[in-house]
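Contents: one structure, followed by commentary.
Quick note: the coordinates plus some simple rules give every number you see, no bench work behind them. What you see is a predicted model; the values in this text were computed from it and never measured. Backbone-built Cβ (ideal geometry, glycine too); neighbour counts: all protein chains shown.
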Amino acid sequence: MSETTFMSVPRDKISWHPTIDYEKCNFCMECATFCPHRVFEQREGDRRLVVANPNNCVVFCRACSKTCGPDALSFPDKQATIAQIRQIREQESVQ
Ligand code: SF4
Ligand code: SF4
């Protein structure tokens with residue numbers, strides 16, 4: 001588990017990471033090759049690519065989606081994530 005923080009919030013409380021649409025993914029592995037943070041892992045079986053380390057994803061990065069021809073990667077809404085971070089910070093400041 002990562003011990004890092006983002007904007008003073010523990011990274012594992014922030015739900016920012018890619019989601020793979022398996023209806024679109026062709027398992028070209030361009031995204032996994034591109035990302036230097038080991039977010040993706042190759043596996044055996046039907047789902048040959050998984051988001052194995054979501055908390056390794058850099059918050060607000062979407063760079064790997066540009067490598068995906070079939071547009072199979074999606075991310076949370078940025079403004080909603082900013083609101084989530086603010087809410088966590090407010091909760092932690094009143095404790
Ligand atoms: S968004 Fe950035 S950090 Fe996250 S998996 Fe893609 S390339 Fe890696
Ligand atoms: S780049 Fe897109 S199509 Fe290729 S493995 Fe990644 S998610 Fe699947």
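Label zone of residue 43 (point 7 Å out along Cα→Cβ, amide N under 13 Å): in segment 58-95 this covers no residue at all.
Within the chain, the longest run free of GluC sites (Glu not before Pro) that sit in a DSSP loop with at most 16 other Cβ atoms within 10 Å is 45-95.
By the rule of a C-alpha distance below 28 Å, with chain neighbours fewer than 8 residues away ignored, the lysines paired with residue 13 are 66, 78. Taking the chain as a Gaussian network of alpha-carbon nodes connected by springs under 10 Å, the highest mean-square fluctuation of the residues 77, 12, 46 belongs to 46.
Label sites at residue 82 and residue 67, each approximated as a point 7 angstrom past Cα along Cα to Cβ, lie 2.8 nm apart. If you line up the long axis of helix 78-93 against the longest principal axis of the chain, both from Cα atoms, how many degrees apart are they, to the nearest 10? It works out to around 40 degrees.
Please state, as a whole number in µm²/s, the translational diffusion coefficient that the Stokes-Einstein equation yields for segment 5-93 at 10 °C and 1.306 mPa s, with Rh defined as the Kirkwood radius across alpha carbon pairs. My calculation gives 114 µm²/s for D.
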